[in-house]
Amino acid sequence: MLSKDLVAASARPMILSILSQGESYGYEIIQQVRQLSDGQIEWSDGMLYPVLRRLEKEGLIESEWRTADSGRKRRYYHLSNQGGKALEIEKKQWLIVNTTLETLWEASNV
Amino acid sequence: MSRYEEYIQNWRHVIAEDEALSPEDLAELEDHLLTDFLQLKEAGLNDQEAFWLAEKRLGDTSTICREYEKVNRATIWANRMQWMIIGYLILGFFAFTKITFVNVISLLALITGSALLSAITYIVMETLIVSGFVCAGYILLYGGGSHQEKSAKLMQALANNPKRVTVVALSCFGLFYLTNTLLLSRIVGAYLSTHDINSFSILTHVTNILFPFILLSLLFISRRKTRPKQQMA
């Protein structure tokens, strides 16, 4: 299981990346993360939504309520322009960390 | 599905106690629970099992509320301020009604010289002011929170009828102002003719005259706070 801090830190880039592929809603986002990580990353579902709230407040994502055919209202999220830019920055940062760690581990293996 | 209604009511009741979630946040979490519940039922679980698991997967209620609180902090405090203002205004309403009544009775007592009228004045005055305090206190303490639905409806009613609210407030203040001025002029007149100016008495009455303007401005400030929120929702 991943450490709490790692889960918290990776939530932002993960949500932004998922939304960069198209709009989605909370439940779907959680399912995708679970699927992509082969069940290794299990977010406690309720924690996703405050994060989405925070991202929306920062202007990185936007939401709208839509009524499905069943009559239920559901909140859909999509990435904003600002969000796209923020995602690029996150990508760069994570790749830096990743590359550095990989180099270190390769060096220690040899 | 009927058992689901029962479970979701219980869950909603617990989480709404904590003021951290806005009605929209609550609706979003409910949608999540329902989606999960339906999926689990399709997987073969019964109503009770499905809801239990869905709720467990959602996570610990207090942790969720703590997180929402951090994000919604500004809104939560704005909401509390609105309730404090409403409580204050209602207290003001009771105070003014009482003072208006006292003024009328006092004027009559001065004119007719009746002691019985003064006695009645004090009894009514005390009853009104005590009920006012109780009412205002209740609203100050309990406005919002688990009474969120009722308070939201009241806020909506106030926001949707700004003219009506203003007319009621202005009439209340106007009546008070009129009776107070009449009484003040008689009292000041009486004092000036027989005693030195009683500064404390005059200060009390001057404050009473200024008070409505302070409350009026609060009413307009709270109205402006409600308006923008409506646009966002």
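Exceeding 26 Å between C-alpha atoms, which entries from my cross-link table qualify? They are A:Lys4/A:Lys73; B:Lys41/B:Lys70; A:Lys4/A:Lys92. Where the Cα-Cα span goes over 26 Å, the pairs concerned are A:Lys4/A:Lys73; B:Lys41/B:Lys70. Based on C-alpha pairs under 8 angstrom that are at least 6 apart in sequence, chain A has a relative contact order of 28 percent.
Take each residue of peptide A:18-24, count the partner chain Cβ atoms within 10 Å of its Cβ, and average: the result is 0. Only aspartates and glutamates eight or more places from A:Lys57 in sequence, or on another chain, were considered; those with a Cα closer than 15 Å are B:Glu24, B:Asp25, B:Glu67, B:Glu69. Once the Cβ-Cβ distance of A:Ser10 and B:Ile123 is raised to the sixth power relative to R0 = 51 Å, the FRET efficiency obtained is 0.15.
What FRET efficiency do you get for A:Asp38 and A:Ser3 if R0 is 25 Å and r is their Cβ-Cβ distance, rounded to the nearest 0.05? Approximately 0.90, to the nearest 0.05.
Mean partner shielding of peptide A:49-58, defined as the number of other chain Cβ atoms within 10 Å of each residue Cβ, is 5. Taking both sides together, the accessible area buried where A meets B is about 1900 Å² for a 1.4 Å probe. Accessible surface computed residue by residue for chain A, with neighbouring protein chains in place and a 1.4 Å probe, gives 63 Å² per residue.
The values are calculated or read from the model by the stated rules, or taken from the named source; none is laboratory data. A quick note: this is a predicted structure, and the numbers were derived from the prediction, not measured. Cβ sites come from the backbone with ideal geometry, for glycine too, and all protein chains shown count toward neighbours. All accessible areas refer to the heavy atoms of the entire protein, side chains included, with ligands and DNA or RNA removed. Shrake-Rupley method; radii C 1.70, N 1.55, O 1.52, S 1.80 Å.
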